[in-house]
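The values are calculated or read from the model by the stated rules, or taken from the named source; none is laboratory data. Here the structure is a predicted model, which means the values were calculated and not measured. With ideal geometry, Cβ positions are generated from the backbone for all residues, glycine too; neighbour counts draw on all protein chains shown.
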Amino acid sequence: MANDFGIEVDSADARRKMEQVARDLYGAPMVKAFQFSSLLVVRDGMINAPVDTGRLRSSITASIEADEETIQGVVGSNLAYAPHMEFGTGTFAGKSPHYPPAAALDVWAQRHGFSSGAVVARIIGRRGGLAPRKYLTNALEANRAQVTATIENAVQEIAQK
């Protein structure tokens, strides 16, 4: 047996207020709460990110995606290697051992005293891949309580209008 619950609102003022609250939940007050929350995660993601040249760190950004039914904050990087640094590769990511392309590691290898990217690729492959760094996951976890409180406060503010 399904438990159905319904409310009928007779007052035009109450109905208008409820409709405004519903609009506000996806409007400016919530967008502001998500922007603030996303910037917290960006900040700690930048702090946590592994650094060689600083390119990964500086590529971490946030965007807010909102429509009439959903709102979400998206934090990430547009660099091709960012997911590999976050989630790992090969056996560390639950897959078969990973040997990265040697040419992709040539510049890094030279900067760190290796003769070529092939040497580094073999080392990574023998280990099974790259271990996950979880720089963004850890940033979200570190800020989870504040993100939750920020969004809850925005909902309370909207409801009190």
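In table form, for the structure just shown:
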{"item": "Any hit, region 61-72, residues being in contact with an Asp or Glu (Cβ under 8 Å, 6 or more places away or on another chain) and not assigned by TED's automatic domain parsing to the domain that holds Gly125", "result": "yes"}
{"item": "Hey, Leu79 in contact with a Pro (Cβ under 9 Å, 6 or more places away or on another chain), of a type in the set (A, V, I, L, M) and farther than 22 Å from Thr148 by Cβ or not", "result": "no"}
{"item": "Looking only at region 124-156, and only at residues there that are charged (D, E, K, R) and surrounded by 14 or more Cβ atoms within 10 Å (Cβ to Cβ), the one that is nearest to Ser37 (Cα to Cα)", "result": "Lys134"}
{"item": "Which numbered condition Gly90 misses (of (1) over 24 Å from Ile123 (Cα atoms); (2) modelled with pLDDT of 95 or more; (3) surrounded by 15 or more Cβ atoms within 10 Å (Cβ to Cβ); (4) not basic (Lys, Arg))", "result": "(1)"}
{"item": "Residue match in region 132-148 (condition: more than 13 Å from the chain's Cα centre (by Cα), in the same structural domain as Gly27 (by TED's automatic domain parsing), over 30 Å from Arg16 (Cβ atoms) and part of a helix (DSSP H, G or I))", "result": "yes"}
{"item": "Any chance Thr53 is out of contact with any Pro (no Cβ under 9 Å at 6 or more places or on another chain), polar (S, T, N, Q) and free of Cβ contacts under 8 Å to residues at least 60 places away in the same chain", "result": "yes"}
{"item": "Residue selected from region 45-66 under the condition small (Gly, Ala, Ser) and part of a loop (DSSP other than H, G, I, E, B), by the criterion nearest to Gly27 (Cα to Cα)", "result": "Ala49"}
{"item": "Some residue of region 97-118 being within 27 Å of Ile47 (Cα to Cα), in contact with a strand residue (DSSP E or B) (Cβ under 8 Å, 6 or more places away or on another chain) and either in a helix (DSSP H, G or I) or not basic (Lys, Arg) (or both)", "result": "no"}
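Residue-wise test of (1) part of a helix (DSSP H, G or I); (2) touching a residue at least 24 places away in the same chain (Cβ under 8 Å).
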| position | (1), (2) |
| --- | --- |
| Leu79 | no, yes |
| His84 | yes, yes |
| Ala121 | yes, no |
| Ile124 | yes, yes |
